[in-house]
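Please treat every number below as a calculation from the coordinates, not as lab data. Quick caveat: nothing in here was measured; it's all calculated off a predicted structure. A quick note on method: Cβ atoms are made from the backbone with ideal geometry, for glycine too, and the neighbour counts reach across all protein chains shown.
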Amino acid sequence: MARQDVRRRLHGELANFIHIRSELQKAWPELDECTLADTLEGATTLHEAISSLVRSALEDETLIAALKTRLADLKLRLARFSSRMEAKRSTAQRAMAEADITKIIEPDFTVSLRTTPAKLIVTDETLIPEWCFIPQPAKLDRARLRDALEAGTAISGAELSNRERGLSVRVK
């Protein structure tokens, strides 16, 4: 079933569940929670719709893990190609310099030796004047702020939210 269809089905089942629950509570106000829950589970397919959606999310999680692995493999391959390319260029540069060749013209490329701009080498950063530095804005340490608030420290401009219920899915 398409992922959009799974979500659409869940929304429909949820609306049906809420409607039936409301009607049951109106018709039998004295109905206990356990009986109500059992009746709703038998009268609707909300549990199955939620299960289908979670199953779809688990499939997505598997695809994400596979893609992360593939991306990591491709990044390693990219690093190998980059290293190989740099080594080849460096070898060509040394050979041209040693042979005193400044330019080679080929039908598909031209290669030449050129003088590059001087590179900056910082030997002792503490001796460099202040005007050479870029001032950096302060960055909020969110973990430290959270820890302080959780420890009961009152801090203006920050607070902890109420706890929320989250979804836990175990597969093992």
Neighbour-count order for TRP131, TRP28, fewest beta carbons within 10 angstrom listed first
TRP131, TRP28
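Could you tell me which helices of the chain pass both thresholds, a Cα extent of 30 Å or more along their own axis and a mean Kyte-Doolittle hydropathy of at least -0.5, with helices taken as whole DSSP H runs?
Span-like helices here: 46-98.
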Which listed residue (LEU74, ILE121, THR45) has the Cα farthest towards the positive end of the charge dipole for region 3-150, taking +1 on Lys and Arg C-beta and -1 on Asp and Glu C-beta about the Cα centre?
ILE121
Of [x] 1.60; [y] 1.12; [z] 2.10, which one was derived for Cα Rg over 2.2 N^0.38 Å from the structure shown?
[z]
For region 108-113, in order, what is each residue's ³J(HN,Hα) by Karplus, 6.51 cos²θ - 1.76 cosθ + 1.60 with θ = phi - 60°, in whole Hz (x at glycine and Pro)?
9, 6, 10, 10, 8, 8
Can you spot the aspartates and glutamates whose alpha carbon is less than 18 Å from LYS68's alpha carbon? Ignore those fewer than 8 places along the same chain.
GLU59, ASP60
